[in-house]
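Trainee: Here it is, the structure, as structure tokens.
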Amino acid sequence: MAPHRPSLSVRIRAAFLLLVVCCGLLFGFLTLMFVYTVEDAFFYQQLDVEIARQQQQPAATVPADPHLQLYQSASQFPSDLALAYQQNPAESEFTGQQGRHYHLRRWLHPSQDTSLFLVTEVSQQLVVRPARQAMLTLYGVLFGIFLLVALGLGWYFARRASQPLLQLASLVQQDPLPSNFSNQFTDRETHALAQKLEESLLRLQQFAEREQHFSRDASHELRTPLAVIQSSCELLLLNPKADADTQRRLQQIATACAQMHQLIQSLLYMAREADPADGETVLLASCFTQCWQQQQQWQPRPGLRLELDMAETDALEVPAELFRLLISNLLQNIWRHSADGVVLVQACASGLTLKNPRASSGQQPYALSGFGEGIAARLANCCGMTLEHQSSATHWRSELRQQHTTPL
């Protein structure tokens, strides 16, 4: 399942929206804090001015401002202020009943040893609190307007940022690619990206063309001399005058040519197959028998026998040519690196198992000669199978496990 990848355009719009919401909330909070602080500072300034005036008098007197009240002790407070003061005497601002609001200063007059209290009830002088609802309404309207503007700007900039990338993605999907497509982009960053991508795609295209030329040339230039060598060896082997040593060496050359031809055929086939080949119904018993007889013709080994543990109708839905190359590869390596005995091939629900006698304790299932394990693994993968090897004291065991194919 492909992972979910968020859209760049959506992320840009979300970033704009988040920025406006955070800035709006921060601005509103700071605005309310500012107006409340300024209003409270005005009331405290009134109290401080009156206290300064009182301290210049020989004795504490009635305040000149009618909104200010002087109390000798907390017991003289109004009932709602006295209750709030008892609950938290360290505060200087209290909320009373019926909308009353108090500001208080505790101070000392030079003529007295006890503290005095200067109190102002400011419910009729408040400006911010009565206008708070109107302020919040105005702020909400402005916030909504700025939010719509931010969404519009976010959509515009998201489109400007993502449109060149979408255009670039659409261009690179065209076949063939337009030449110099990077010049279509005016933004410096997008142009640099398109230019690097154009250079990379051009190098890949040149590499693919070189691979195609090599495959086409190798298909003819390599197989033709091998066919000449192999046919010449077969003609020389028919000469009854050749001695045994010459016959043996000619047989080695013919076997090497046949193996080389099979190797070249496998490499060229895999190089041509960009996509997995279509599956065909391959009868396993017939395929193994034909490949075994081919190995016997190339290099006879009477001491090595084939035993098939499968029904005549057992089959696989695989690319036929690739599967035959794979089986020939496995049998060829078994042929070269197996002791005399029985090669057992079994068909099971998970795939195929090839078991052959072990030639020596230190030998690997795939030596450097022959096809090699890398090519065999690639052939198996092209057939929708995986190749695994296991060893024991007396046998090698090669397993072909299916990935997507199923026995018929």
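The values are calculated or read from the model by the stated rules, or taken from the named source; none is laboratory data. Everything numeric here is computed off the predicted structure, so don't read it as measured data. Note that we place each Cβ from the backbone using ideal geometry, even for glycine, and neighbour counts take in every protein chain shown. Ligands, DNA and RNA are stripped out before the accessible areas are found, and what is left, the full protein with its side chains, is counted by its heavy atoms. Shrake-Rupley method; radii C 1.70, N 1.55, O 1.52, S 1.80 Å.
Trainee: Across the range 103-115, in residue order, what do the Karplus-derived ³J(HN,Hα) couplings come to in whole Hz, using 6.51 cos²θ - 1.76 cosθ + 1.60 with θ = phi - 60° and x for Gly and Pro?
Mentor: Here the 3J(HN,Hα) series is 10, 9, 10, 8, 8, 10, 9, x, 8, 10, 8, 9, 6 Hz.
Trainee: Using 1/(1 + (r/R0)^6) with R0 = 30 angstrom and r between the beta carbons of residue 349 and residue 294, what's the FRET efficiency to the nearest 0.05?
Mentor: Taking R0 as 30 Å, the efficiency between residue 349 and residue 294 is 0.60.
Trainee: Report the equivalent ellipsoid semi-axes for the range 54-127 in whole Å, largest first, defined as the square roots of five times the eigenvalues of the gyration tensor built from alpha carbon atoms.
Mentor: After scaling each eigenvalue by five and taking roots: 22, 15, 9 Å.
Trainee: Sticking with this structure for a sec: Just to verify a number: FRET efficiency for residue 205 and residue 386, C-beta to C-beta distance, R0 = 30 Å, to 0.05?
Mentor: With R0 = 30 Å, the Cβ-Cβ based efficiency is 0.40.
Trainee: Right, here's the next one. Sort the following peptides by mean Cβ neighbour count (other Cβ atoms within 10 Å, averaged over residues), highest first: 393-401, 128-136.
Mentor: My ranking of the peptides, most packed first, is 393-401, 128-136.
Trainee: In vacuo Debye scattering of the chain, one point per C-alpha: log10 I(q)/I(0) at q = 0.07, 0.11, 0.13 Å⁻¹?
Mentor: Here log10 of I(q) over I(0) equals -0.64, -0.99, -1.12.
Trainee: Work out the charge dipole of the chain with +1 on the Cβ of Lys and Arg and -1 on the Cβ of Asp and Glu about the Cα centre, then indicate which of 193, 212, 115 is farthest towards its positive end.
Mentor: The one lying farthest along the dipole's positive direction is 212.
Trainee: With +1 on the Cβ of every Lys and Arg and -1 on the Cβ of every Asp and Glu, and nothing else charged, how large is the dipole of the chain about its Cα centre, in debye rounded to the nearest 20?
Mentor: Computed charge dipole of the chain: roughly 500 debye.
Trainee: While we're on this one: Per-residue HN-Hα couplings for the range 341-349, Karplus 6.51 cos²θ - 1.76 cosθ + 1.60 at θ = phi - 60°, whole Hz, x for Gly and Pro?
Mentor: Rounded to whole hertz, the list is x, 10, 9, 9, 10, 10, 9, 9, 5.
Trainee: In addition: Amide H to amide H, which residues 5 or more places from residue 341 or on other chains are under 5 Å from it, using H placed in the peptide plane?
Mentor: For residue 341, whose amide H was placed from the backbone, the distant partners under 5 Å are 304, 305.
Trainee: Further, regarding this structure: Which loop-located trypsin sites (Lys or Arg not before Pro) does the range 141-248 contain, where loop means any DSSP state but H, G, I, E or B and the Cβ has at most 16 other Cβ atoms within 10 Å?
Mentor: Those that pass, being in a loop and sparsely packed, are 241.
Trainee: Using only alpha-carbon positions, what ratio does the radius of gyration of the range 58-179 give when scaled by 2.2 N^0.38 Å?
Mentor: 2.32
Trainee: Something else now. Largest first, how would 139, 85 line up by accessible area (1.4 Å probe)?
Mentor: Listed by decreasing accessible area, they come as 139, 85.
Trainee: Which helices, counted as full DSSP H runs in the chain, have an axial Cα extent of no less than 30 Å and a Kyte-Doolittle average of -0.5 or above?
Mentor: Span-like helices here: 8-55, 132-172, 244-272.
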